[in-house]
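Report on the structure given below.
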Amino acid sequence: MGSWQRLLLFRGVSLRGGARACAPLCGRQMLVCWRQLSGAESETLKQRRTQIMSRGLPKQKPIEGVKQVIVVASGKGGVGKSTTAVNLALALGANDSSKAVGLLDVDVYGPSVPKMMNLKGNPELSESNLMRPLLNYGVACMSMGFLVEETAPVVWRGLMVMSAIEKLLRQVDWGQLDYLVVDMPPGTGDVQLSVSQNIPISGAVIVSTPQDIALMDAHKGAEMFRKVHVPVLGLVQNMSVFQCPKCRHKTHIFGADGARRLARTLDLDVLGDVPLHLNIREASDTGQPIVFSQPESDEGQLMKFKTTTNYWRVSVLLRWRRLERASYP
């Protein structure tokens, strides 16, 4: 309908049977016609906007040789996301030795995987000019930390960061992997969107402390993945409680059960409840993750999903078995 036809509608004239037959409209009829016209136009504009926005989105393409991609993310830094990602990758391999597991660190500005996995050096190139991951504890690892000096800051603008992410996603020879665990940077910015829109992701695990400030950002992180159609497997409540090694008194330094409340709000499961423990921190700093160095300790069992009282085994492993049945062709 043209602008002159809208003008006639506004003036109370309806076109019926062409330009020859015109009839006045009452106020009620004018309102009905205008609502119908507005609804049709708003729907058309919405479809048009969707088409324009979709033009700039990359098409998702699986990483060659990788069956399942699981991202470990957080809204805020310093909540133990990298520690969780490293131990999750080791636990997936430890619980089923027949599974090949990889670990990709896409935290360009603050890569932690090299130190936590006790790896140094530059990746070699394959015959097809792809980077070969470094291997330790049976897990293939790739990180920006292998490509720059350990103490050198990555002072890059957005375009260079996106280029680096593209190389980490597409120019690594992973071989054949059952699981690729991706350690995401904190926040909900370009890197998270680029990873989510470029590759199919089987699920996201959100890590947070029980502190309200951290939970606010964890909520945003979960909603971001939902907006880009990535299923959120659940929340990990890290540093949930500190127990004095002498008197065994428990103190909730960051608050109690905050992640459980958030999980109920988001209709998600709490996948794990990991305490604030010295052994976990020391094992990560020395490059010997607790799942590897102390697998039979209480903390190692928690991170390895072996105890019957822990939600990780019940929730996470069942989900991964279901994801296996729906693996990419």
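The values are calculated or read from the model by the stated rules, or taken from the named source; none is laboratory data. Quick caveat, the model's predicted, so the values are computed rather than measured. Every residue, glycine among them, receives a Cβ derived from its backbone with ideal geometry; neighbour counts consider all protein chains shown. Accessible surface areas use protein heavy atoms only, side chains included; no ligands, DNA or RNA. Shrake-Rupley method; radii C 1.70, N 1.55, O 1.52, S 1.80 Å.
Criterion applied to Ala73, Ala100, Ala89, Ala94 was being small (Gly, Ala, Ser) and within 27 Å of Gly158 (Cα to Cα), and the one residue passing it is Ala73. Within the stretch 165-200, the set of residues being out of contact with any Pro (no Cβ under 6 Å at 6 or more places or on another chain) and more than 23 Å from Thr84 (Cβ to Cβ) comprises Glu166, Lys167, Arg170, Gln171, Asp173, Gly175, Gln176.
Is it fair to say Val172 is at pLDDT below 90 and either of a type in the set (A, V, I, L, M) or out of contact with any strand residue (DSSP E or B) (no Cβ under 6 Å at 6 or more places or on another chain) (or both)? First the steps, then the outcome.
Numbers: at pLDDT below 90: no; either of a type in the set (A, V, I, L, M) or out of contact with any strand residue (DSSP E or B) (no Cβ under 6 Å at 6 or more places or on another chain) (or both): yes.
It is false that Val172 is at pLDDT below 90 and either of a type in the set (A, V, I, L, M) or out of contact with any strand residue (DSSP E or B) (no Cβ under 6 Å at 6 or more places or on another chain) (or both).
Of all residues in the stretch 224-247, those that are at positive phi and modelled with pLDDT under 90 have Cβ atoms under 8 Å from Cβ atoms of residues that are aliphatic (A, V, I, L, M) and not in a loop (DSSP other than H, G, I, E, B), 6 or more apart or on another chain, in Gly234/Val205; Gly234/Ile206; Gly234/Ala263; Gly234/Val270; Gly234/Leu271; Gly234/Val316.
Considering each residue of the stretch 140-161 in turn, at least one proves to be of a type in the set (A, V, I, L, M, F, W, C), more than 20 Å from the chain's Cα centre (by Cα), closer than 18 Å to Asn122 by Cα and open to solvent by 50 Å² or more (accessible area, probe 1.4 Å). Exactly one residue out of Lys250, Lys306 is surrounded by fewer than 18 Cβ atoms within 10 Å (Cβ to Cβ), of a type outside the set (Gly, Ala, Ser) and at pLDDT below 70: that is Lys306. Among the residues of the stretch 182-194, the ones that are surrounded by fewer than 15 Cβ atoms within 10 Å (Cβ to Cβ) and within 20 Å of Leu130 (Cβ to Cβ) come to 0 in all. The single condition from (1) in a helix (DSSP H, G or I); (2) open to solvent by 10 Å² or more (accessible area, probe 1.4 Å); (3) of a type outside the set (A, V, I, L, M, F, W, C) that Pro200 fails is (1).
Taking the stretch 169-181 as the range and being open to solvent by less than 50 Å² (accessible area, probe 1.4 Å) and either out of contact with any Asp or Glu (no Cβ under 8 Å at 6 or more places or on another chain) or of a type in the set (Phe, Trp, Tyr) (or both) as the test, the residues that pass are Leu169, Val172, Trp174, Gly175, Leu177, Tyr179, Leu180, Val181.
For first residues located in the stretch 78-107 and closer than 21 Å to Ala214 by Cα, partners that are assigned to a helix (DSSP H, G or I) and hydroxyl-bearing (Ser, Thr, Tyr) and lie 6+ apart or on another chain with Cβ distances below 6 Å form the pairs Thr83/Ser284. Would you mind stating whether Ile253 is out of contact with any helix residue (DSSP H, G or I) (no Cβ under 7 Å at 6 or more places or on another chain) and either touching a residue at least 24 places away in the same chain (Cβ under 8 Å) or not in a strand (DSSP E or B) (or both)? Considered against the rule, which asks whether it is out of contact with any helix residue (DSSP H, G or I) (no Cβ under 7 Å at 6 or more places or on another chain) and either touching a residue at least 24 places away in the same chain (Cβ under 8 Å) or not in a strand (DSSP E or B) (or both), Ile253 comes out as yes.
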